[in-house]
Amino acid sequence: MPVTYNYEYKSTESSSNPQGSSSRTVHTTPSGTTVSSTQQPAGGQASTQTQHYPAGGSQGAEPRRLSREEAERRYLEAMEDEYAKREGVYA
């Protein structure tokens, strides 16, 4: 008999500097992954973007389960890309 399990993973990272602050939260469950990013320029108003990625990559597809390690790997890759963009590595 197969073993069934549920998982949930949540990771939050934030940073601030004289130009403003930003945070990013990745929340993964069996139904998919939700990514929320908030940016607030110094003295400005905060803006938040939230995206949900269904399990399996699209609606109606066979659900694909992410391990905690896979969710963390994807998150770290996304953060590396974001920092590279901010530092001008990607034009």
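How about region 62-76: which of its residues are surrounded by 12 or more Cβ atoms within 10 Å (Cβ to Cβ), at pLDDT 65 or above and not small (Gly, Ala, Ser)? Matches in region 62-76: ARG65, LEU66, ARG68, GLU70, GLU72, ARG73, ARG74, TYR75, LEU76.
Considering only residues that are surrounded by 10 or more Cβ atoms within 10 Å (Cβ to Cβ) and not charged (D, E, K, R), look in region 77-91 and name the one that is modelled with the lowest pLDDT. Looking at residues that are surrounded by 10 or more Cβ atoms within 10 Å (Cβ to Cβ) and not charged (D, E, K, R), I get VAL89. For region 1-37: of the residues being among the β-branched types (Val, Ile, Thr) and either more than 17 Å from LEU76 (Cα to Cα) or loosely packed, with under 14 Cβ neighbours inside 10 Å (or both), which is nearest to the chain's Cα centre (by Cα)? The selected residue is THR12. Taking the conditions exactly as written (loosely packed, with under 15 Cβ neighbours inside 10 Å, under 23 Å from ASN6 (Cα atoms) and at pLDDT 90 or above), does GLN59 satisfy them or not? In short, no.
The values are calculated or read from the model by the stated rules, or taken from the named source; none is laboratory data. Model, not experiment: these values are computed from the prediction. In this analysis, Cβ positions are derived from the backbone assuming ideal geometry, glycine residues included, and neighbour counts consider all displayed protein chains.
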